[in-house]
1. Of the residues in segment 97-107, how many are surrounded by 16 or more Cβ atoms within 10 Å (Cβ to Cβ) and over 19 Å from D410 (Cβ atoms)?
2. Which ones in segment 99-153 are more than 22 Å from A268 (Cα to Cα), free of Cβ contacts under 8 Å to residues at least 12 places away in the same chain and assigned to a loop (DSSP other than H, G, I, E, B)?
3. Among the candidates D32, D37, D75, single out the residue that is of a type in the set (D, E, K, R), under 24 Å from L364 (Cα atoms) and crowded, with 20+ Cβ neighbours inside 10 Å.
4. Out of all the residues in segment 183-197, which are in a strand (DSSP E or B) and either free of Cβ contacts under 8 Å to residues at least 40 places away in the same chain or buried (at least 24 other Cβ atoms within 10 Å of the Cβ) (or both)?
5. If I ask for residues that are hydrophobic (A, V, I, L, M, F, W, C), at pLDDT 95 or above and in contact with a helix residue (DSSP H, G or I) (Cβ under 8 Å, 6 or more places away or on another chain), which ones from segment 91-136 would you list?
6. Please count how many residues of segment 189-207 are in contact with a helix residue (DSSP H, G or I) (Cβ under 6 Å, 6 or more places away or on another chain) and at positive phi.
7. Conditions: (1) assigned to a loop (DSSP other than H, G, I, E, B); (2) farther than 23 Å from T286 by Cβ; (3) not polar (S, T, N, Q). D353 meets all but one. Number of the miss?
8. Which residues, counting only those in segment 158-179, are within 18 Å of S314 (Cβ to Cβ) and of a type in the set (G, A, S)?
Amino acid sequence: MKASPALLFALSLSTGTLLASDWPQWRGPARDGTVQDSGHPLNALPLEPKVLWEVAAGPGQSSPVIAKGRLVFMDGVEGQEVAHCLDAASGKELWRVNVGPMVEFQNAYGEGPRCTPLIDGDRVYVQSCGGEFRCLSLADGKQLWNVSFSEQYGATWFGNKSPDPESKETASRRHGNNGSAVVDGDRIFVPVGSPAKGTLVAFDKLTGKELWAAGHDNTAYSSVVVATLAGVRQAVHLTADALMGVDAATGKLLWREPLKTGAKRHVATPVIDGDTVTVTSTSIGTIRFKIAQADGTFSAQRAWENPQMKVVISSQVQLGDNLFTPGPGSRCELVCLNATTGEERWKEAGLGDYASITAVNDSLLVLDSTGELRLIRATGDGYKELGRAQFVGKTWASPAYADGRLYAKDGTKLIAVALAK
């Protein structure tokens, strides 16, 4: 008997195995902005990229994610932050769910969701600017469990015009939660940002049961990463005030390095390379730490610093011994640093105030805030551009790349474009 499409989809979800064409979370399969796609070499951009489908979308900087033939994105619709699930091949909407009220912003980046969804197995995790976190069924959008940062952890939403003195001590509760959660095994690590009840909280990813809470900082905008550093599995989080490593199994704070900015504006996701963690921000520049352990005591030792490379809202990507970064400042250049020393290898001007970098094989897809896409050879020998294209407008949302296709969102639409045959 031939299995139904619904049964086949359910069976594929139950395996929890990612396909080669998946981009299931913030910054892709490995959460580092890189993907290997040997079936789709990128040597040039088409003069007129083939648009596969286009759907209307509301405001917000949340990025799309893709797994098992389904695409999930968030936008603002009639006063609500909404999660949409589409058929990735056709763009047909399968379901939509309200996540939380859309909060008012009075800044250059506009309103709408900031936090990128996460697909894991048969579930998708979504988060609103106001701190409503929900676990949904990927099949139909049904809510399986939820957490309110405000109601359960006292992490109250202030808004960016609040006169409350405490609002000056937090970034994400003043300008909107940006930092995306991450799954590791049976746990999901969520940047709740409660100084009283936990900066970072681990939940059972299936039930929502709290497993541990760690830290007393507010969160900034940076997303959590997980890595084995100095022999121990750790959740690494760049908070409003520090970089910290937490034992993934127990929640024990292993190390913490204070890193302060005047606006509590840590945005970039940490880059992991072996036992090192590289971070960047608008005040500190770019710093690489070596995580070490001696007799059970952990330390974060500064391997190098580049104080000039102050990146405002973009994340960096490392390929081999090259660290590619937009910056410094709000009128970006594309810069290649030596990942071992932090020294500049080359730079090229002309990016907007933000650029996302996606490394596909040995090339870089760089989408800046004007909506212009560049294809660049990922080499330390100099800037080598392979093409440019434009098919979205102004955007601060990073795209998703899967199976030779780029999925990009601006303030009015989400579009799927074939970049490779």
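1. Residues meeting the conditions: 5.
2. Selection gives K142 alone.
3. D32
4. Scanning segment 183-197 gives I188, F189, V190, S194.
5. Within segment 91-136, just F133 meets the criteria.
6. 1
7. (2)
8. Result: A171, S172, G176, G179.
The values are calculated or read from the model by the stated rules, or taken from the named source; none is laboratory data. Quick caveat: nothing in here was measured; it's all calculated off a predicted structure. All Cβ positions, even for glycine, are placed from backbone atoms using ideal geometry, and neighbour counts span all protein chains on display.
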